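*Asks:* I have a structure I would like to understand better, so I am pasting it below and will then ask my questions one at a time.
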Amino acid sequence: MTKFNKSGFNASAGNQVQELRYNLLQSCSWLTNGTRKLLKPYGITPKQYSILRNLAKNSPESASIQEVRDGLADKMSDASRLIDRLVSKGYLDKFPSDFDRRSNRVRISDSGLAILKEINSQKEDLDRLVSDLLSEKEIHELNRLLSLLK
């Protein structure tokens with residue numbers, strides 16, 4: 001009789017890579033859905049949140065649209081469209097580059113920093129869901145292992 005683990009994979013078949021891929025997708029989906037719920041009241045998407053967070057790290061410095069795109073996990077996303085939506089909400093300032101008038105630069109605005117601070121205070125609840133399941137040592141090891149897959 002074939003034994004299956006709770007992920008539905010044949011535990012004896014040596015399908016560890018497939019099981020890993022399945023578990024990563026399930027975990028990603030769980031985290032993405034939790035993040036969407038968290039961000040919904042603020043009217044921003046997880047990708048827009050990533051843009052705000054990345055620009056806040058370098059505030060008050062500005063970044064080119066390409067630099068913003070490079071900072072996103074999904075390199076194929078339409079960074080220009082995401083940025084324009086954040087500009088229209090007042091969370092980013094967009095202005096012509098001093099070096100190349102054909103390109104634009106963006107920086108996080110004061111209201112962008114304020115909304116990010118508010119979101120991050122709520123984000124602790126989502127973080128707690130993970131820290132309740134894993135020890136600090138396990139979180140560190142998982143981060144180390146996942147960084148090898150990038």
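*Asks:* For the subset of the stretch 87-117 comprising residues that are of a type outside the set (Gly, Ala, Ser) and within 12 Å of ARG53 (Cα to Cα), which member is surrounded by the fewest Cβ atoms within 10 Å (Cβ to Cβ)? Step through it out loud before you land on a result.
*Replies:* Of all residues in the stretch 87-117, those of a type outside the set (Gly, Ala, Ser) come to 87, 89, 91-96, 98-102, 104-108, 110, 113, 115-117.
So of that shortlist, the ones also within 12 Å of ARG53 (Cα to Cα) come out as 91-92, 107-108, 113, 115-117.
Numbers: TYR91: 26, LEU92: 25, ARG107: 17, ILE108: 27, LEU113: 16, ILE115: 21, LEU116: 21, LYS117: 10.
Top of the filtered list is LYS117.
*Asks:* Please enumerate the residues belonging to the stretch 119-128 that are exposed (fewer than 12 other Cβ atoms within 10 Å of the Cβ) and touching a residue at least 12 places away in the same chain (Cβ under 8 Å).
*Replies:* The answer is ASP125, and nothing else.
*Asks:* Another question, if that's okay. So which helices (runs of 4 or more DSSP H) stay within the stretch 43-119 end to end and still have 3 or more residues that are closer than 29 Å to TRP30 by Cα and not charged (D, E, K, R)? Steps first, answer last, please.
*Replies:* Details: elements: 46-57, 65-70, 79-88.
Output list reads 46-57, 79-88.
*Asks:* State which residue pairs qualify: first residue on the phi > 0 side of the Ramachandran plot and inside the stretch 93-106, second residue in a loop (DSSP other than H, G, I, E, B) and surrounded by 11 or more Cβ atoms within 10 Å (Cβ to Cβ) in any location, beta carbons under 9 Å apart, and separation of 6 or more residues or different chains.
*Replies:* Pairs found: none.
*Asks:* Let me ask something else about it. Quick one: which of LEU31, LEU38 is exposed (fewer than 15 other Cβ atoms within 10 Å of the Cβ) and outside any loop (DSSP other than H, G, I, E, B)?
*Replies:* On the way: LEU38 fails: exposed (fewer than 15 other Cβ atoms within 10 Å of the Cβ).
Among LEU31, LEU38, only LEU31 is exposed (fewer than 15 other Cβ atoms within 10 Å of the Cβ) and outside any loop (DSSP other than H, G, I, E, B).
*Asks:* Where the second residue is in a loop (DSSP other than H, G, I, E, B) and the first is within 21 Å of ILE115 (Cα to Cα) and lies in the stretch 51-79, which pairs have Cβ atoms under 6 Å and are six or more apart or on separate chains?
*Replies:* Within 6 Å, the pairs are ASN54/GLY71.
Any read-out appearing in this document is the output of simple, stated calculations on the displayed coordinates, not a laboratory observation. Everything quoted here is computed from the prediction, not taken from an experiment. With ideal geometry, Cβ positions are generated from the backbone for all residues, glycine too; neighbour counts draw on all protein chains shown.
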